[in-house]
Amino acid sequence: MMDKNALKEKVNQILAEEFELELSDLQPEAKLYEDLGLDSLDAVDMVVAFEKAFAINIGKNTELVSIKTLGELQEFILKTSIAQAV
């Protein structure tokens, strides 16, 4: 399993590649919808990309809908990958 910083960098890299975002804009406090311009369709694509990249199953995790910032998303991916690695 990768460390926390490597995981956060990979999350940022996926967002930059999949959604044509600038890495410099990908700060923990950035709001996914308002600041980064993502929408609900992007959220679906994001789940698929993260499931593939981290070999996790997010599925219908209801916690996902409450995530507003990039930092919260990174923590969610970290927590999910740790929980599913056990």
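Structure summary
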| quantity | calculated |
| --- | --- |
| Those GluC sites (Glu not before Pro) in the range 1-37 that DSSP places in a loop and that have at most 15 other beta carbons within 10 Å | GLU20, GLU22, GLU29, GLU34 |
| Degrees, to the nearest 10: 70-85 long Cα axis against longest axis of the chain | 20 |
| Residues whose placed amide H lies under 5 Å from that of ALA30, excluding near-sequence neighbours | LEU70, GLY71 |
| 15 Å Cα cut-off, lysine pairs counted over the chain (separation 8 or more, or different chains) | 5 |
| Hz values of 3J(HN,Hα) by residue in the range 27-33 - Karplus curve (6.51, -1.76, 1.60), Gly and Pro given as x | 9, x, 7, 5, 7, 4, 8 |
| Per-residue ³J(HN,Hα) for the range 48-57, Karplus 6.51 cos²θ - 1.76 cosθ + 1.60, θ = phi - 60°, Hz, x for Gly and Pro | 4, 5, 6, 4, 5, 5, 10, 6, 10, 10 |
| Per residue accessible area of the chain, 1.4 Å probe, in Å² | 63 |
| Inter-label distance, nm, simple model (7 Å from Cα along the C-beta direction), PHE19/SER40 | 1.6 |
| Fraction of accessible area attributable to carbon and sulfur, the chain (%, probe 1.4 Å) | 52 |
| Two-site FRET efficiency, LYS31 against VAL65, from Cβ-Cβ distance with R₀ of 22 Å, rounded to 0.05 | 0.90 |
| In nm, spacing of pseudo-spin labels at LYS10 and VAL86 (7 Å Cα→C-beta vector) | 1.9 |
| Distance in nm between pseudo-label sites at ASN57 and LYS79 (7 Å out along the Cβ direction from Cα) | 2.0 |
| Accessible heavy-atom area order of VAL65, VAL11, VAL48, VAL86, highest first, probe of 1.4 Å | VAL86, VAL65, VAL48, VAL11 |
| Theoretical ellipticity at 222 nm over the chain - DSSP helices of four or more residues, -39500 (n - 2.57) apiece, nearest 500 | -18000 deg cm²/dmol |
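The values are calculated or read from the model by the stated rules, or taken from the named source; none is laboratory data. What you see is a predicted model; the values in this text were computed from it and never measured. Backbone-built Cβ (ideal geometry, glycine too); neighbour counts: all protein chains shown. Protein only, heavy atoms only, side chains kept; ligands, DNA and RNA dropped before computing areas. Shrake-Rupley method; radii C 1.70, N 1.55, O 1.52, S 1.80 Å.
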